[in-house]
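This report refers to the structure that appears directly beneath it.
The values are calculated or read from the model by the stated rules, or taken from the named source; none is laboratory data. It should be emphasised that the depicted structure is a prediction, and the values quoted were computed from it without experimental measurement. Cβ: placed from backbone, ideal geometry, glycine included. Neighbour counts: every protein chain shown.
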Ligand SMILES: Cc1ncc(COP(=O)(O)O)c(C=O)c1O
């Protein structure tokens with residue numbers, strides 16, 4: 001059947017999101033038992049025991065719909081961030097909050113500015129939503145060109161998305177750069193700062209954006225439980241913004257968008273926030289080790305503030321990825337992000353997993 005005439009042109013021209021290969025698929029295809037997945041920026045440590053316990057307890061109640069208002073999670077998060085409960089919106093991953101923002105704000109003919117070589121969902125979501133995306137090239141050093149993004153705003157711009165730190169480059173914009181950017185953006189243009197990797201950052205000059213909300217009512221902060229908190233499989237993320245903005249956004253979300261298990265798990269993560277510091281430190285140690293090893297192999301490594309690193313190899317990263325796959329190591333070639341043939345993203349794994357990746361790379365490159 002040819003359904004093409006039924007769909008908007010933006011949808012027909014868009015390719016679906018291509019996730020990192022699941023471990024089970026690679027096991028099936030290659031007949032390998034022991035697979036290391038370093039492809040989706042997940043936390044290899046897994047959820048905390050207290051979080052698993054909260055999920056199990058909540059599972060007994062799944063015959064009922066979840067709390068549509070995420071009441072307990074909202075109250076707990078509001079206390080944690082020291083913001084009002086009305087400033088919070090939760091989503092089925094922060095991905096859904098990005099989608100809500102774009103759908104709620106952008107009408108035909110209007111546009112959304114984001115950086116090229118950034119989280120691919122901005123391009124995909126704006127493509128299917130009136131082809132509204134306006135990517136701006138990266139600055140030297142693979143970071144967002146915030147002055148160029150501010151300069152790109154026109155009278156049809158509704159939203160600017162800043163990914164800080166950026167996926168897939170791992171780079172970040174400093175507080176000074178972000179302050180100057182906010183000062184340059186007209187107050188009627190919404191700035192969404194996607195901080196999915198916020199908890200991993202160790203740089204002192206990284207902007208602490210929650211404190212900027214009162215001075216900038218056009219600011220929306222996006223965070224997630226998918227990364228350092230190890231809840232990628234449950235899907236829970238959130239936005240923090242001015243309550244008047246949030247109350248409008250709530251109208252465009254599905255009524256029961258955050259399931260019962262996710263709400264319970266996220267509350268348990270907040271109750272165990274003291275664990276974040278150790279997770280951040282262990283990630284940093286492994287990231288530094290991995291980067292040192294990769295540089296030692298002659299690969300170009302982009303300094304990262306996240307739980308992954310962008311690497312440039314002299315040849316074809318797709319080929320290298322296949323060779324690594326044959327050795328049971330899944331990484332992510334970056335051609336879908338437009339970063340060129342040689343670009344490859346490696347997520348930080350457990351020490352033995354990182355060691356295995358480096359050993360496999362040594363075998364291949366030598
Ligand atoms: C920059 C960025 N934003 C958002 C997300 C989506 O996170 P979630 O799992 O909360 O939808 C990701 C996931 O990889 C990401 O890298």
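The table that follows gives values for the structure above.
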{"item": "Answer from 203, 148 - the residue that is modelled with pLDDT of 95 or more, surrounded by fewer than 17 Cβ atoms within 10 Å (Cβ to Cβ), closer than 26 Å to residue 80 by Cβ and in the same structural domain as residue 245 (by TED's automatic domain parsing)", "result": "203"}
{"item": "Residues that are in a helix (DSSP H, G or I), out of contact with any strand residue (DSSP E or B) (no Cβ under 9 Å at 6 or more places or on another chain) and farther than 22 Å from residue 233 by Cα, drawn from region 57-92", "result": "75, 79, 80, 85, 86"}
{"item": "Residue count for region 25-43, restricted to those that are touching a strand residue (DSSP E or B) at 6+ places or on another chain (Cβ under 9 Å) and part of a helix (DSSP H, G or I)", "result": "1"}
{"item": "So residue 120, is it assigned by TED's automatic domain parsing to the domain that holds residue 213, at pLDDT below 95 and within 12 Å of the ligand (Cβ to nearest atom)", "result": "yes"}
{"item": "Any hit, region 293-313, residues being more than 16 Å from residue 168 (Cα to Cα), without any contact (Cβ under 8 Å) to a residue 60 or more places away in the chain and in a helix (DSSP H, G or I)", "result": "yes"}
{"item": "Some residue of region 247-254 being surrounded by 23 or more Cβ atoms within 10 Å (Cβ to Cβ) and within 16 Å of the ligand (Cβ to nearest atom)", "result": "no"}
{"item": "Of residues in region 190-207 being more than 10 Å from the chain's Cα centre (by Cα) and assigned to a loop (DSSP other than H, G, I, E, B), the one nearest to the ligand (Cβ to nearest atom)", "result": "201"}
{"item": "Residues of region 145-182 that turn out to be outside any helix (DSSP H, G or I) and in contact (Cβ under 8 Å) with a residue 12 or more places away in the chain, as a count", "result": "23"}
{"item": "Qualifying residues in region 338-355 (those that are buried (at least 20 other Cβ atoms within 10 Å of the Cβ) and out of contact with any helix residue (DSSP H, G or I) (no Cβ under 6 Å at 6 or more places or on another chain)) - the one farthest from residue 168 (Cα to Cα)", "result": "349"}
{"item": "Check on residue 110, touching a strand residue (DSSP E or B) at 6+ places or on another chain (Cβ under 6 Å), surrounded by fewer than 19 Cβ atoms within 10 Å (Cβ to Cβ) and in the same structural domain as residue 224 (by TED's automatic domain parsing)", "result": "yes"}
{"item": "Residue tally, condition within 19 Å of the chain's Cα centre (by Cα) and either more than 10 Å from the ligand (Cβ to nearest atom) or more than 18 Å from residue 304 (Cα to Cα) (or both), over region 162-189", "result": "8"}
{"item": "Restricting region 208-228 to residues that are in a loop (DSSP other than H, G, I, E, B) and near the ligand (Cβ under 10 Å from one of its atoms), the residue that is farthest from residue 103 (Cα to Cα)", "result": "227"}
{"item": "Number of the condition not met by residue 95 [criteria: (1) part of a helix (DSSP H, G or I); (2) more than 20 Å from the chain's Cα centre (by Cα)]", "result": "(2)"}
{"item": "Test: residue 267 is under 30 Å from residue 78 (Cβ atoms), surrounded by fewer than 22 Cβ atoms within 10 Å (Cβ to Cβ), assigned by TED's automatic domain parsing to the domain that holds residue 66 and out of contact with any strand residue (DSSP E or B) (no Cβ under 8 Å at 6 or more places or on another chain)", "result": "yes"}
{"item": "Enumeration of residues in region 254-284 that are at pLDDT 95 or above and in a loop (DSSP other than H, G, I, E, B)", "result": "256, 257, 258, 259, 272"}
